[in-house]
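Student: Here you go, one structure.
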Amino acid sequence: MQTPSSSSTGREPDSAGFGEYLGTLRKRRKLLLMVGLPIIALGIALALGLPDVYRSQGQIELEGAQNIKQNPNSLAQDPDDTPYADQYVRSLSTVVLSDRNLARLLGEHKLYDEQDEDPSGALAKLRGDIKVDIVTVPILDPNTGRERDVVTAFTVAYDNARPERAQQGAEWLVNAFLEENRNDRARQAGGRAKFFAREAERMRTHVAGLEAKLAEFKSKNAGKLPELNEMNLSVMDRTESDIRNVETQMQALRRERVFLVAQLQQARAANPEAASLRALEDEYARKSVQYDQSHPDLIMLRRQIDQLKAGGSAGGQSLQAQLQTQRSILAEARQRYSEDHPDVQRLVRNIQALEARIASGESADGSVFADSPMAVQLQTQLNATDTQLAALQARAMELRAKLSGLEGRIVAAPEVEREYQAVTRDLASARAKYDELLRRQMDAEVSEAAISGGTADKFRVKSSPKIPEEPAKPARLGIAIIAVVLGVIASITSVILAQLFDTTVRGARDIQDILGVAPLTAVPVIKRAGKGRKAAAPAYAATAGAMVAAIAIAAVVVRFIA
């Protein structure tokens with residue numbers, strides 16, 4: 001076995017040192033150059049030979065993004081605006097980057113020289129050159145207390161070999177995103193307005209039905225409604241007071257009737273003329289002390305006294321004459337008193353009683369009235385008292401019927417109030433809902449008009465696309481660095497593989513590893529050309545495989561970077 005020469009002791013170190021590694025690299029420097037230089041040359045050629053690609057980019061900021069950056073707590077006030085912004089941007093991208101819109105872009109701008117000859121290929125290339133990226137910022141979520149990313153903006157970029165075309169395409173895309181967002185929000189606002197209009201019309205019909213039901217309920221329970229309870233109680237108190245007053249008046253009239261009946265009997269039993277004259281004079285003297293000379297009672301007494309002194313008699317006086325006398329007295333009394341004066345009201349009642357008697361066909365018979373004027377006067381007063389008493393009795397019956405009705409209303413008020421509250425509660429809720437729907441409909445219509453006019457956009461162009469001055473790719477320096485790194489890695493890998501596949505024993509350490517015993521001495525190497533080439537064949541095969549793998553990896557990396 002051939003081994004390299006060693007020291008006089010014949011022993012080698014147990015482990016390889018740095019110098020041995022350098023010696024291995026120097027020995028296989030040709031292999032290093034054969035593998036590394038082609039890869040590095042290929043990478044540099046790619047870095048220098050790839051065409052320049054210019055990128056124009058615009059950034060669109062979402063509404064409220066600045067507030068979220070400055071005040072994360074504002075996220076909790078309107079949580080529906082931001083959590084799904086990325087999904088909304090992706091949905092807009094689907095619409096904006098549709099074949100129809102991209103074909104419209106190619107129709108408005110000539111972005112590729114061959115787009116007229118190959119429209120489908122140009123469309124596919126255009127879609128591949130467009131980049132839409134979401135821009136997020138980390139914030140501390142006030143709801144959960146954890147840090148999370150919030151979408152604040154998104155970028156729209158377009159790559160082209162010419163900077164002017166890149167700017168034209170990017171500007172068109174930014175405007176298309178703004179327009180599509182505006183159209184989408186206008187459609188949503190219009191849909192909301194129509195929905196609220198339909199719901200408001202349905203609720204209006206419902207409110208009209210409840211109002212009709214309430215009107216019917218009020219008509220059916222007139223006077224029993226809860227808001228009339230206080231009035232019913234007040235009217236009930238007044239009615240009870242009126243009943244008491246009427247009963248008091250009726251008692252007074254009954255006592256007066258008893259007195260008049262007794263006086264009438266006495267007057268009819270006395271001398272018709274002299275007794276009547278004396279009685280009239282006594283009554284005139286008594287009343288003249290109490291009343292003025294123009295009082296209706298004194299006027300009537302004077303006329304009766306004058307008639308008796310003239311030799312007349314009241315026994316044959318007709319009802320018409322009595323009615324005429326009472327009317328004359330009433331006319332004189334009205335000149336001095338108002339209509340509410342008791343004497344005027346008494347004369348009115350006397351006249352009504354006489355008119356009722358005349359209407360019934362009654363005549364002034366001498367058997368009915370006493371011959372004396374006093375008896376006639378007493379009979380007239382008695383008739384008037386009976387008439388007043390009958391009227392008060394009718395009034396009392398009317399008041400008692402009214403009081404009974406009021407009591408029935410008070411008793412039925414709780415049940416009516418329960419039903420009334422149910423009806424009014426439903427009506428109030430329906431009206432509030434109707435007003436809310438009208439308000440939201442108006443808000444949606446105003447929002448639709450504002451969106452259509454461009455005054456309520458949710459997107460704001462933070463940076464407009466500009467004509468790029470420097471190409472965005474390829475990254476030439478990066479490609480060259482990657483090529484050098486890959487060349488070095490491939491060269492070292494090939495050397496390692498060559499060493500692994502080389503079965504030549506090259507030192508005492510190899511003998512010791514194989515045989516397990518230390519060699520006694522070492523014989524110098526005797527070089528033979530043919531044998532060296534045969535032993536190097538496996539190493540070259542491994543090297544060729546490493547070069548192929550390195551070139552493939554380099555191509556993939558360059559493609560990814562480009």
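No value in this document is a laboratory result; all are computed from the given coordinates. Since this is a predicted model, take the numbers as computed values, not measurements. Reconstructed Cβ throughout: ideal geometry from the backbone, glycine too, with neighbour counts over all protein chains shown.
Student: Mind giving me the nanometre distance, one decimal, between the label points for LYS194 and THR503, set 7 Å out from Cα along Cα→Cβ?
Tutor: Modelled inter-label distance: 8.5 nm.
Student: Would you work out if the stretch 414-526 is rounded, prolate or oblate? Take a ≥ b ≥ c from the square roots of the eigenvalues of the alpha-carbon gyration tensor; rounded if a/c is under 1.5, else prolate when a/b is larger than b/c, oblate otherwise.
Tutor: oblate
Student: Mind listing the long-range amide H neighbours of ARG162? Cut-off is under 5 Å, sequence gap 5 or more, other chains count too, H placed in the peptide plane at 1.01 Å from N.
Tutor: TYR54
Student: Further, regarding this structure: Determine ³J(HN,Hα), in whole Hz, for all residues of the stretch 161-175 in sequence, where each value follows from phi through the Karplus function 6.51 cos²θ - 1.76 cosθ + 1.60 and θ = phi - 60°; x replaces Gly and Pro.
Tutor: Coupling constants for the stretch 161-175: 6, 10, x, 5, 5, 4, 5, 4, x, 5, 5, 5, 5, 4, 5 Hz.
Student: Let me ask something else about it. Note the full-extension length gain between ALA428 and ILE514 as 0.36 nm times their separation in residues minus their Cα-Cα distance, in nm to one decimal.
Tutor: So the extension gain works out to 20.6 nm.
Student: Shifting gears a bit: Multiply the residue separation of GLN345 and ASP306 by 0.36 nm, subtract the distance between their alpha-carbon atoms, and state the gained length in nm to one decimal.
Tutor: Here the segment from GLN345 to ASP306 would lengthen by 11.5 nm.
Student: OK, next. Can you list residues whose amide H is under 5 Å from TYR291's amide H, if they're 5+ apart or on another chain and H is modeled 1.01 Å from N?
Tutor: Residues meeting the criterion, in which the H sits 1.01 Å from N, do not exist here.
Student: At SER241 and GLU164, where each label point lies 7 Å from the Cα along Cα→Cβ, what is the point-to-point distance in nanometres?
Tutor: Using points 7 Å along Cα→Cβ, the separation is 10.2 nm.
Student: With θ taken as phi - 60° and the coefficients 6.51, -1.76 and 1.60, list the Karplus ³J(HN,Hα) couplings across the stretch 464-474 in order, rounded to whole Hz; mark glycine and proline as x.
Tutor: 7, x, 10, 6, x, 8, 10, x, 7, 7, x
Student: Then there is this: At GLU417 and ASP149, where each label point lies 7 Å from the Cα along Cα→Cβ, what is the point-to-point distance in nanometres?
Tutor: For the pair GLU417/ASP149, the computed spacing is 6.5 nm.
Student: What pairs from LYS194/LYS462; LYS194/LYS224; LYS213/LYS402 go past 32 Å between their alpha carbons?
Tutor: LYS194/LYS462; LYS194/LYS224
Student: Okay, moving on. First measure r as the distance between the Cβ atoms of ILE358 and ALA449, then evaluate 1/(1 + (r/R0)^6) with R0 = 60 Å and state the FRET efficiency to the nearest 0.05.
Tutor: For R0 = 60 Å, the calculated efficiency reads 0.10.
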